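Peer 1: Sending over a structure as structure tokens; questions will come in a sec.
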Amino acid sequence: MKALRTFRFWGLAPAWLLMGLTLIIPIGIVAGVSLGDRGPYGGFDWALNFTSYREILFTMGWTDELEFDPKYLMIIGRTLAYGLATTAICMALSVPVAYVIANAREGWKPVLVYLVTLPFWVSMIVRVYAWLIILGNEGLAEKTWKFFGGGDVDTFLFTPGAMLVGMVYSYIPLMVLPVYAAIEKLDPALLEASHDLYGNRWTTLRRVILPLTWPGLSAGAILVFVPAIGTVLEPMLLGGGKQMMMGTLIQTQFGGGRNWPFGAAVAMVLMALVVIVLILNARRAAGAAKEAAA
Amino acid sequence: MSDHAHDIRRYPGARALTVVFFLWLYLPIAVVIAFSFNQNRLVSVWTGFSTEWYAAALANAALMDALKVSLTVAVIATTGATAIALMAAMVLSRAPRKGAYRLSEVVVNLPLMLPEIVVAVAVLILFSQLGLANGMLKLTLAHMAFCTPFAFLPIRARLQGMSRDFEEAAQDLYAPPLTAFRRVTLPLIAPGVFAGAMLAFVMSMDDFITSNMLNSGGTTTLPVYIFALIKRGTTPELNAISTLLILASLVIATIALLASARAMRRDL
């Protein structure tokens, strides 16, 4: 018994050491830095104040009084809006796609699943760059638009549409796979039962398929939403700096802008948002498990 | 064929939408590859077929340096991550799923749950506090951390689906634990270990956010170099470089996915 415990301890020790050193301790330090003072040339000085968090909401006016300034609040709002929109579009697209894959011939299913996964392994920078060429000046998007008689366009780049195309493209495999797993398990007898009870296709979709696919959809929503609100490349390249998001705001604080405590404070807010989503999801999953057991 | 219209399992338009979806999924990759063979300096104006941009890319010393950094970091990070993930998976697949073991499982998968930009910033601050100057060491440690769950999940899945009979038989025949692991368990889970290592390697090669945050002189990885080129303007040479990276990612990911599919299928 003692040998087993020693084995288990030393088996897990390297993983704890690595994650402790590169994740757990550093995030604790970020929390500390967010309470510190800004250093004169980047960096920071240890302190204990909430100046950096206050900076998210207020700016110091000329006469040293605090003025409410929504510019960072708008960035947080935009981040959440893009995250939610990306998640919603991924959900809407993945239901029909996953349904068709699940009803494909047996031999085709793994091939189609593989084709959904494959682009996900291509480097993020290359995927975003590809959309930059397609949406850029004289790119494929503009040529297609003009071919179909569209009027003059300035550019497709640097628009919310460009951002959403890039973000949905980046994260959709994370939605299709869990939704497919849920639809695949669907009992065809339930669809026939719905039909026998005079439910048409759309009633069946709404009352049978969607409720039974919900676990897959909600799992996919978490998988898409969490990386989407931390995204950096799409706002930098497809948003062209006009569409600042929390990820890019954090990034600039450690590069050109150089206000480490402020960057750390924004990073803590981003992490808090993610943790809230994960906790809500865990509670929902626990509730669903209880319901299934009852 | 005629009963298709009455088949309740068919939704009009779903098939067409799925076809469009797949075209859209592969359109960007196809565009980059196609324009990498464009003779014209301008990315979007096609004037003729040429492979000159590949020659230019391969003669680019800065690119080769970036590739060398990426490969070095990826190989070391993958080796470390796979070893750590294998050890953790051996314990966690046999331990009760509660208490400290459950927490350990969360810790191993932690990089998947946190936004990468937050982790990148955290590592940057930690290393600056420690005064760690070796850029390659910093990069390798950070990569090892986010690669670990990608190595862990296939190994863990393989161990989960495997019967313990062979290992117990080895132990009954007085094989010391290490011998039983080396001669019996490891060969059986090899496809899972291989798939995990390959996925970890691809994740490390493709990473941008962490590598960019930790970028300093001499540690520019391939994706960070590509980003710098994009900022300077799109060129066909950039397309050639991207195409090579796309092909490398697709080939390695395909091998990994095939290996893990085989690992799941073989009955034990």
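Taken together, the values in this text are just the output of simple stated rules run on the coordinates, not laboratory data. Quick caveat: nothing in here was measured; it's all calculated off a predicted structure. Ideal geometry is used to build each Cβ from the backbone, glycine not excepted, and the neighbour counts take in all protein chains shown.
Peer 1: Taking Cα atoms, how many degrees apart are the long axis of helix B:222-232 and the longest axis of chain B, rounded to 10 and kept between 0 and 90?
Peer 2: 20
Peer 1: What lysines does B:Lys98 reach when the alpha-carbon gap must be under 20 Å and sequence neighbours fewer than 8 apart in one chain are set aside?
Peer 2: Candidates past the 8-residue exclusion: A:Lys2, A:Lys290.
Peer 1: Still on this structure, I have one more. Rounded to the nearest 500 deg cm²/dmol, what is the calculated helix-only ellipticity per residue at 222 nm for the protein assembly as shown, with -39500 (n - 2.57) per DSSP H run of length n ≥ 4?
Peer 2: -22500 deg cm²/dmol
Peer 1: Sort A:Lys185, B:Lys98 by Cβ crowding within 10 Å, fewest neighbours at the top.
Peer 2: Least to most surrounded, the residues fall as B:Lys98, A:Lys185.
Peer 1: Express in whole angstrom the spacing between the alpha-carbon centres of region A:229-294 and region B:166-202.
Peer 2: Taking the Cα centre of region B:166-202 as reference, the centre of region A:229-294 is 39 Å away.
Peer 1: Taking each pair of distinct Cα atoms in the protein assembly as shown once, what is the resulting Kirkwood hydrodynamic radius in Å? Mind dumping the intermediate values first?
Peer 2: On the way: mean 1/r = 0.0388 Å⁻¹.
Hydrodynamic radius (Kirkwood, Cα only) of the protein assembly as shown equals 25.8 Å.
Peer 1: Fewest Cβ neighbours within 10 Å first, please rank B:Met198, B:Met162, A:Met167 accordingly.
Peer 2: B:Met162, B:Met198, A:Met167
Peer 1: Something else: Straight-line reach only, C-alpha to C-alpha below 19 angstrom: list the aspartates and glutamates that A:Lys143 could link to, leaving out same-chain residues fewer than 8 apart.
Peer 2: A:Asp152, A:Asp154
Peer 1: List the lysines whose Cα sits under 23 Å from the Cα of A:Lys71, skipping any in the same chain fewer than 8 residues away.
Peer 2: A:Lys242
Peer 1: With 10 angstrom as the radius, rank A:Tyr169, A:Tyr180, B:Tyr26 by how many other C-beta atoms surround their C-beta, starting from the fewest.
Peer 2: Values: A:Tyr169 22, A:Tyr180 25, B:Tyr26 13.
Fewest to most other Cβ atoms nearby, the residues stand as B:Tyr26, A:Tyr169, A:Tyr180.
Peer 1: Which whole-number percent is the relative contact order of region B:131-214 (Cα, under 8 Å, 6+ apart)?
Peer 2: Working: 50 pairs, mean separation 40.6, N = 84.
The normalised contact order for region B:131-214 reaches 48 percent.
Peer 1: For helix B:236-265, what angle does its Cα long axis make with the longest principal axis of chain B, in degrees from 0 to 90 and rounded to 10?
Peer 2: 20
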